[in-house]
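The block underneath contains the structure these notes are about, expressed in structure tokens.
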Amino acid sequence: MTKHIFVTGGVVSSLGKGLTSASIGLLLEQRGLSVKMQKLDPYINVDPGTMSPYQHGEVYVLDDGSETDLDLGHYERFTNSPLTRDSNYTTGQIYLSVIEKERHGEFLGKTVQVIPHITNEIKNVVKRLVDDDTDVVITEIGGTVGDIESQPFLEAIRQFSQDVGKDNCLYIHLTLVPYLKAAGELKTKPTQHSVGQLREIGIQPDILICRTEQEISREDCEKIALFCNVPIEAVIEEKDMDFSIYEVPLALKERKLDELITDRLNLSTPEADLEDWKTLLHDLRNPQQEISIAVVGKYAEHKDAYKSIYEALDHAGIHNRAQVRIVPIQSELVEREGPERLLSGFDGILIPGGFGERGIEGKVQSIRFAREREIPFFGICLGMQTACIEFGRNVVKLDGAHSTEFDKNTPHPVICLLDEQKNITDMGGTMRLGAQPCVLEEGSQAKACYQLNEISERHRHRYEFNHVYRSQFAAHGMTVSGTSPDGLLPEIVEIPEHPWFVAVQFHPEFKSKPTKSHPLFAGFIQAAVNRRASRGDSSTDQPVNEEVEALDLDPAE
Ligand code: GLN
């Protein structure tokens, strides 16, 4: 019988529910259980694919091409749970499906209502993850208890325990215990209110995970236990981790959270084995060198916009025993201040993916700087496309070379719309999405990293490198080192004469794990380490970080 864990959040958003759910997944897997993870998001959009990164942070893409919430990135980095389209549902999808059923006549004669039709649909998407091989399904409910949008989801998970039996369901509530400086103490009242609201709906949480900046005293834990009607051992403190998010599972294990869960769900398992995790934290704590990487993007000031890229850089740092100092820089700032001032001193430059024209010229200038100064360069998706624009303009001398995404009438469309995209007008879920195979060129930098002939990577784009320019580019020193198996779509370009200049049409950051760095990120950071070593470790070479951070721009669409 598959067991169910539901994770809800209260008091405020951004408590790290995704991270906590992923940590629970990891702890249970390390106890030998097979776990599936899922997130239910109460907003109305069908998926986050059409939302601005300012609204939603990064869009996380799965192998099957679904565009999902960034919490699924945590799930994949922490666990081995197979993620598919069924791993992320929104209110939009739930309603869409119910309305389609209504149009097909499935509810003929009936009034279609939130209870039971919407709640049944929600319960069905949870049940979709149940099978003979799955011990535990962890379902995280997005948003905060008390939100209007969350109500049908909470009602559905309340009913769930009636359907599958109380012993097969566990409710974990994540809450905030704030420290009031003026009073000099932690406050438990917001937690009491939040649990009060849950209990009004009919959900009695089994475990409370209390996010806090300061240690919670035994006395406060007793108070929370008493008012919230949970045993004291089920009040789990989760303190802010100053050093790394990868400490969270260990901290929760120390508080015996995994034991509490398996006891409560009657799962008999051995202790969690966290040796790999401890090794990774040891390596993270004991780097042998420090390097700095500039990430030049349109949304540099938003900490979640390039989440998986920052994580993948950290993983590659762990792999190379290097502390990676990541400095996000707005590409518009490069246009204003010039690359020399902002980018001198970095050991590597990365341009991430993106959409829209703002900041494109800053990216082009940054790439030129990396190419001419022989600074390791890694371009991802739009980062690859801008690398081709730069090379086309400044090396092949194609005046006005551009992408037709930004200049429909460019004389040299080095980046153009994919054929399959030409007749598409709908915006949602219509890009070239998900895992696609790519064949690697013998002797290339890419092949040296992967050590494979064929790879599979995730995509999310409408435009591509125009193969008409392929031989011209190669003659000038930029080669295509990876293509679709039919040889038609260029997937990777590189400059063999450069110490490390690799740009990819796909998103390798979605397949990096802390315990297994992605080969291209590992290669990029290795090149950055080599550059630092060859320059000698001079602190005067450090970038002007504080100044860069101080020069902020207003967020725009
Ligand atoms: N805007 C570009 C395209 O659609 C790049 C997309 C991306 O970076 N994800 O092809």
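For the range 387-409, the candidate set comprises residues that are more than 16 Å from the ligand (Cβ to nearest atom) and β-branched (V, I, T); within that set, the residue that is nearest to F369 (Cα to Cα) is V395. Just one residue in the set L440, L382 is of a type in the set (A, V, I, L, M, F, W, C), farther than 14 Å from F465 by Cβ and surrounded by 14 or more Cβ atoms within 10 Å (Cβ to Cβ); that residue is L440.
Residues are listed down the side, and each one gets a yes or a no for (1) within 27 Å of H302 (Cα to Cα); (2) in contact with a strand residue (DSSP E or B) (Cβ under 6 Å, 6 or more places away or on another chain); (3) surrounded by fewer than 21 Cβ atoms within 10 Å (Cβ to Cβ); (4) polar (S, T, N, Q):
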site: T111; (1), (2), (3), (4): no, no, yes, yes
site: G146; (1), (2), (3), (4): yes, no, yes, no
site: E149; (1), (2), (3), (4): yes, no, yes, no
site: F153; (1), (2), (3), (4): no, yes, no, no
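For the range 64-83, does any single residue satisfy the condition of being of a type in the set (K, R) and under 20 Å from P352 (Cβ atoms)? The answer is yes, given that some residue of the range 64-83 is of a type in the set (K, R) and under 20 Å from P352 (Cβ atoms). Of all the numbered requirements in (1) of a type in the set (V, I, T); (2) under 25 Å from the mean Cα position of the chain (by Cα); (3) closer than 23 Å to M478 by Cα, T410 misses one, and that requirement is (2).
Filter the range 360-375 for residues that are in contact (Cβ under 8 Å) with a residue 40 or more places away in the chain and surrounded by 24 or more Cβ atoms within 10 Å (Cβ to Cβ); which is nearest to F524 (Cα to Cα)? So, considering only residues that are in contact (Cβ under 8 Å) with a residue 40 or more places away in the chain and surrounded by 24 or more Cβ atoms within 10 Å (Cβ to Cβ), the one nearest to F524 (Cα to Cα) is I375. Checking each residue in the range 56-109 for being over 29 Å from H302 (Cα atoms) and either small (G, A, S) or not in a helix (DSSP H, G or I) (or both) picks out S97, H104, G105, E106, F107, L108, G109.
Number of residues in the range 377-407 that are under 30 Å from the mean Cα position of the chain (by Cα) and of a type in the set (D, E, K, R) equals 2.
I'd like the residue in the range 335-359 that is among the charged types (D, E, K, R) and not in a loop (DSSP other than H, G, I, E, B) and, out of all such residues, is nearest to the ligand (Cβ to nearest atom). Ranking the candidates gives E335 first. Counting only strands (runs of 3 or more DSSP E) wholly contained in the range 458-528, the ones carrying 2 or more residues that are within 16 Å of the ligand (Cβ to nearest atom) and under 18 Å from E441 (Cα atoms) occupy 490-494, 501-504. Within the range 3-46, restricting attention to residues that are among the polar types (S, T, N, Q) and part of a loop (DSSP other than H, G, I, E, B), the residue that is surrounded by the most Cβ atoms within 10 Å (Cβ to Cβ) is Q30. The set of residues in the range 43-75 being modelled with pLDDT of 95 or more and out of contact with any Ser or Thr (no Cβ under 9 Å at 6 or more places or on another chain) consists of G65 alone. A Cβ distance below 6 Å, combined with a sequence gap of six or more or placement on separate chains, defines the contacts here; from the range 376-391, residues that are farther than 15 Å from E494 by Cβ reach residues that are of a type in the set (G, A, S) and within 12 Å of the ligand (Cβ to nearest atom) in the pairs C381/G353; L382/G353; L382/G354. For the range 360-386, residues that are within 12 Å of the ligand (Cβ to nearest atom) and not charged (D, E, K, R) total 9. Restricting attention to the range 261-305, the residues that are touching a Leu at 6+ places or on another chain (Cβ under 9 Å) and not β-branched (V, I, T) total 14.
The values are calculated or read from the model by the stated rules, or taken from the named source; none is laboratory data. For clarity, every value in this text was computed on a predicted model and none was experimentally measured. So basically every Cβ, Gly included, is an ideal-geometry build from the backbone, and we count neighbours across all protein chains shown.
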